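A quick write-up on the structure given underneath.
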Amino acid sequence: MQLKGFKKGTMAQKITKREEDYSQWYLDVIKEAKLAEHSPVRGCMVIRPTGMALWENMQKGLDQMFKDTGHENAYFPLFIPKSFMSKEAQHVEGFAKECAVITHSRLKAVDGGVEVDPESQLEEELIVRPTSETIIWDTYRNWIQSYRDLPILVNQWANVVRWEMRTRLFLRTMEFLWQEGHTAHATKEEAVDETLQMLDVYRSFAEDFMAMPVITGVKTESERFAGAEDTYCIEALMQDGKALQAGTSHFLGQNFAKAFDVKFQDKDGDHKLVWATSWGVSTRLIGGLIMTHSDDQGLVIPPKLAPTQVVIVPIYRSDEERATVIEYGDSIYNELKELGIRVKLDDRDNYKPGFKFAEHEARGIPLRIAIGPRDVQNENVELARRDTLSKSIESREGIGELAKKLLETIQNDLFETAKKRRDEMTSFVDDYDQFKKILDEKGGFIYAHWDGTAETEERIKNETKATIRCIPLDKGEEGTCMVTGKPSKQRVLFARAY
RNA sequence: CGGGGAGUGGCGCAGCCCGGUAGCGCAUUCGCUUUGGGAGCGAAGGGUCGCAGGUUCAAAUCCUGUCUCCCCGACCA
């Protein structure tokens with residue numbers, strides 16, 4: 001039995017509507033879902049328990065995929081000696097402007113307060129890691145002597161700091177959580193394969209767990225990671241038509257092996273430089289998740305990642321009714337729990353059902369089961385989907401299996417909906433004026449021909465704010481550059497980006 | 001880092017122009033009535049007005065500095 005959808009707009013509006021102010025909507029969703037908040041430290045956030053539970057679920061999924069592809073976790077220091085940073089020229093250039101530097105080791109008390117003790121100045125300053133290539137490659141030098149020591153397939157879960165000018169919760173913060181994989185190989189082919197393998201891990205994680213469709217491709221020289229030969233990426237499209245780089249996988253060539261003198265003796269007895277990769281995704285994915293699925297009622301997230309997948313809301317008047325309904329709810333709770341569903345029974349007595357409905361919607365719980373005396377009587381439940389905001393009456397019998405099935409349906413539907421939206425906001429353009437027009441009026445992804453030069457790329461960026469997000473891996477047809485008319489090997493993906 | 005806006009009980013705001021010792025809504029606590037889409041009434045608790053200086057008999061209010069957040073720009077894997 002189908003019921004009518006929820007009445008919208010009748011509730012007190014705590015969340016700014018998307019079309020009114022997208023940035024404010026994004027902040028409101030995070031706040032109402034209790035994912036994170038601003039901290040007293042500029043550019044840094046407090047990740048609240050719900051936000052952390054979401055990240056932990058993402059970690060679990062990714063970590064399993066890393067283990068399944070032969071990787072192990074390790075942990076390297078937060079601090080990097082300053083001299084390490086300068087060993088790889090491109091790398092230091094890329095990160096120099098956003099490094100936090102530790103110069104002193106202690107404070108001293110001064111009339112009621114504290115100040116930095118000038119006598120504690122460090123002989124060599126320490127850098128708070130913006131990424132760990134340098135300290136890891138310095139370490140790998142000692143781990144690698146023979147081809148038998150290769151490959152090294154290591155990942156670490158860590159925090160990093162990049163001193164950003166302008167920050168946004170999850171999307172760009174000065175400190176963020178991430179994973180960084182660092183691998184060492186005997187041959188170029190093996191390293192390239194690893195780079196592409198991990199890119200595909202990211203793609204499938206984005207699609208299968210986050211229900212977020214992505215385009216895979218390689219970055220142009222100007223967007224490449226400092227110190228990499230090639231940077232591959234997954235690019236997602238947000239609801240407001242802006243692109244988000246959601247993950248990167250770098251083929252580092254022998255740049256860090258050279259810089260840190262990491263060689264191995266091969267079967268033929270020759271000493272050779274090691275080939276490297278690194279790859280990472282961060283809490284930025286949470287920002288992408290929010291902006292892919294959520295609506296004006298608040299957070300919408302896929303069941304696979306939802307900290308709570310099903311919430312049961314009891315409805316009652318008297319104490320007797322309460323006892324009956326809660327008992328009914330408990331049995332449903334146990335049934336779902338048995339099936340491995342992350343379920344909660346919201347038995348708080350100080351909130352009315354309507355309040356709870358709104359709250360659980362704002363917090364993005366995929367499925368809600370409401371039960372009242374009528375349902376106990378008829379052996380029914382009311383089932384509500386967060387993604388479609390639709391409700392139906394279902395039989396108590398078999399509710400566990402139904403919920404489980406429905407969670408899978410929601411997971412798939414979210415992906416299909418997001419993919420459909422992404423495709424609708426993707427254009428193919430051959431004319432530069434048309435390109436500008438679409439960018440301003442519609443936004444989204446634009447596939448266009450480009451002559452492959454940094455000059456043209458720069459010009460387009462300056463004139464339109466759009467950047468080449470990537471050169472897609474599934475190559476299309478040849479053509480001519482929309483700006484210069486010179487030959488183009490394939491269309492590249494343009495968008496304004498976060 | 002440049003331009004604009006803002007910081008006042010937990011949250012959202014008024015008061016500031018024109019100085020006179022802080023108020024409203026929501027939330028919280030207690031009580032009663034309620035409970036199928038954000039409950040009602042009654043009572044109570046909670047704020048050195050971001051922080052630091054200065055002017056003044058007197059500063060949330062005027063002046064200077066500083067920190068943080070939001071928007072736009074520059075910058076940025």
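Each value in this text was obtained by applying a stated rule to the coordinates, not by laboratory testing. Quantities reported herein were computed from a predicted structural model and do not represent experimental measurements. Neighbour counts run over all protein chains shown; Cβ positions are idealised from the backbone, glycine included.
Tell me, what HN-Hα J-couplings in whole Hz come from the Karplus equation 6.51 cos²θ - 1.76 cosθ + 1.60 at θ = phi - 60° for each residue of region A:28-42, using x for Gly and Pro?
4, 4, 4, 5, 5, 7, 6, 7, 7, 8, 6, 9, x, 8, 3
Under 5 Å between amide H atoms, partner at least 5 residues away or on a different chain: which partners does A:Arg491 have, H built in plane at 1.01 Å?
Long-range HN contacts for A:Arg491: A:Gly476, A:Glu477.
Defining a contact as two alpha carbons under 8 Å apart and six or more residues distant in sequence, what relative contact order in percent does region A:133-237 show?
19
Taking the Cα atoms only, what angle lies between the long axis of helix A:319-338 and the longest principal axis of chain A, rounded to 10 degrees?
That helix lies at roughly 40 degrees to the long axis.
For helix A:188-208, report the angle its Cα long axis makes with the longest principal axis of the Cα atoms of chain A; keep it between 0 and 90° and round to the nearest 10°.
The angle comes out near 20 degrees.
What FRET efficiency would be calculated for the residue pair A:Gln59, A:Asp208, taking the C-beta separation as r and a Förster radius of 22 Å, to the nearest 0.05?
Working: r = 15 Å, r/R0 = 0.69.
My answer for the efficiency is 0.90.
If you add up the charges near A:Glu327, with Lys and Arg at +1 and Asp and Glu at -1, over every other residue whose beta carbon is less than 12 angstrom from its beta carbon, what do you get?
Working: positive: A:Arg322; negative: A:Glu320, A:Glu321, A:Asp330, A:Asp347.
Taking every Cβ under 12 Å from that of A:Glu327, the sum is -3.
Calculate how many DSSP beta bridges within region A:310-406 are antiparallel, expressed in % of all such bridges and rounded to the nearest 5.
On the way: 9 of 17 bridges.
Within region A:310-406, antiparallel bridges account for around 55 percent of the total.
May I ask you to compute the full-extension gain from A:Thr464 to A:Arg348, defined as 0.36 nm times their residue separation minus their alpha-carbon distance, rounded to one decimal in nm?
On the way: separation 116, 0.36 × 116 = 41.76 nm, distance 5.25 nm.
Residue separation times 0.36 nm, minus the Cα-Cα distance, leaves 36.5 nm.
Add +1 for every Lys or Arg and -1 for every Asp or Glu among the other residues with Cβ under 12 Å from the Cβ of A:Lys356, and state the total.
Working: positive: A:Lys344, A:Arg348, A:Lys352, A:Arg363, A:Arg368; negative: A:Asp346, A:Asp347, A:Asp349, A:Glu359, A:Glu361.
So the environment of A:Lys356 carries a net charge of 0.
Treat every Asp and Glu Cβ in chain A as -1 and every Lys and Arg Cβ as +1, leave all other atoms uncharged, and give the resulting dipole magnitude about the Cα centre to the nearest 20 debye. Mind dumping the intermediate values first?
Values: 68 positive and 82 negative charges, 211 e Å.
Approximately 1020 debye in magnitude.
Amide H neighbours of A:Met212 under 5 Å, at least 5 residues apart or on other chains, H built in the peptide plane: list them.
A:Glu207
Counting other Cβ atoms within 10 Å, keep those with at most 15, restrict to DSSP loop, and tell me which GluC sites (Glu not before Pro) in region A:364-409 are left. Can you show the working numbers first?
On the way: sites: A:Glu379, A:Glu382, A:Glu394, A:Glu397, A:Glu401, A:Glu408; in loops: A:Glu379, A:Glu397.
Hits after loop and neighbour filter: A:Glu379, A:Glu397.
Using a Förster distance of 41 Å, how high is the FRET efficiency between A:Glu320 and A:Asn73, based on the Cβ-Cβ distance and rounded to 0.05? Provide the component values of the computation, followed by the final result.
Numbers: r = 53 Å, r/R0 = 1.30.
Efficiency at R0 = 41 Å is approximately 0.15.
Which shape class applies to region A:430-479: rounded if a/c is under 1.5, otherwise prolate when a/b exceeds b/c and oblate if not, where a ≥ b ≥ c are the square roots of the Cα gyration tensor eigenvalues? Could the numbers behind the result be given before it?
On the way: a/c = 1.66, a/b = 1.25, b/c = 1.33.
Since a/c reaches 1.5 but b/c is at least a/b, the shape of region A:430-479 is classed as oblate.
So what is the relative contact order of chain A, in percent, for Cα pairs below 8 Å that sit 6 or more residues apart? All intermediate terms of the calculation are to be shown ahead of the outcome.
Details: 991 pairs, mean separation 72.1, N = 498.
That works out to 14 percent.
What FRET efficiency do you get for A:Asn142 and A:Gln377 if R0 is 60 Å and r is their Cβ-Cβ distance, rounded to the nearest 0.05?
Taking R0 as 60 Å, the efficiency between A:Asn142 and A:Gln377 is 0.25.
What value, in deg cm²/dmol to 500, does the helix sum -39500 (n - 2.57) over DSSP H runs of n ≥ 4 give at 222 nm once divided by the residues of chain A?
Numbers: 14 runs with 172 residues, N = 498.
Mean residue ellipticity at 222 nm (helix-derived): -11000 deg cm²/dmol.
Before anything else, pin down the relative contact order of region A:310-406: Cα pairs under 8 Å, at least 6 apart, normalised by residue count, whole percent.
On the way: 140 pairs, mean separation 30.7, N = 97.
Relative contact order for region A:310-406 comes out at 32 percent.
Mind listing the phi-derived Karplus ³J(HN,Hα) values for region A:168-184, rounded to whole Hz, using 6.51, -1.76 and 1.60 with θ = phi - 60°, and x for any glycine or proline?
My calculation for region A:168-184 gives 9, 3, 6, 6, 8, 10, 5, 10, 9, 9, 7, 10, 10, x, 9, 10, 10 Hz in order.
Assuming a ≥ b ≥ c are the square roots of the Cα gyration tensor eigenvalues, decide whether region A:323-426 counts as rounded (a/c under 1.5), prolate (otherwise, with a/b larger than b/c) or oblate.
On the way: a/c = 2.31, a/b = 1.73, b/c = 1.34.
Here region A:323-426 falls in the prolate category.
In nm, to one decimal, how far is the modelled label at A:Arg42 from the one at A:Asn334, with both set 7 Å along Cα→Cβ?
Taking the simple label geometry, A:Arg42 and A:Asn334 are separated by 5.7 nm.
Once phi is turned into ³J(HN,Hα) by the Karplus curve 6.51 cos²θ - 1.76 cosθ + 1.60 with θ = phi - 60°, what whole-Hz value does each residue of region A:350-361 show in order, with x for glycine and proline?
9, 10, 7, x, x, 5, 5, 4, 4, 5, 5, 5
For chain A, what proportion of DSSP beta bridges, expressed in % and rounded to the nearest 5, is antiparallel? Can you show the working numbers first?
Values: 75 of 91 bridges.
Bridges in chain A are about 80 percent antiparallel.
Name the residue from A:Thr426, A:Trp55, A:Cys233 whose Cα lies farthest towards the positive end of the charge dipole of chain A, charges +1 on Cβ of Lys and Arg and -1 on Cβ of Asp and Glu.
Most positive-ward Cα: A:Thr426.
In a shell of Cβ-Cβ distance under 12 Å around A:Glu221, excluding A:Glu221 itself, what net charge do Lys and Arg (+1) and Asp and Glu (-1) give? Numbers along the way, then the final one.
Numbers: positive: A:Lys219, A:Arg224; negative: A:Glu223, A:Glu229, A:Asp230, A:Glu455, A:Glu457, A:Glu458.
Result for the neighbourhood of A:Glu221: -4.
Could you point to the residue in A:Ile438, A:Pro314, A:Ser294 farthest towards the positive end of chain A's charge dipole, with +1 and -1 charges on the Cβ of Lys/Arg and Asp/Glu respectively?
A:Pro314
Does chain A come out rounded, prolate or oblate, given a ≥ b ≥ c as the square roots of the eigenvalues of its C-alpha gyration tensor, rounded meaning a/c under 1.5 and, failing that, prolate meaning a/b above b/c? Show your work: numbers first, answer last.
On the way: a/c = 1.86, a/b = 1.50, b/c = 1.24.
Prolate, because a/c is 1.5 or more and a/b exceeds b/c.
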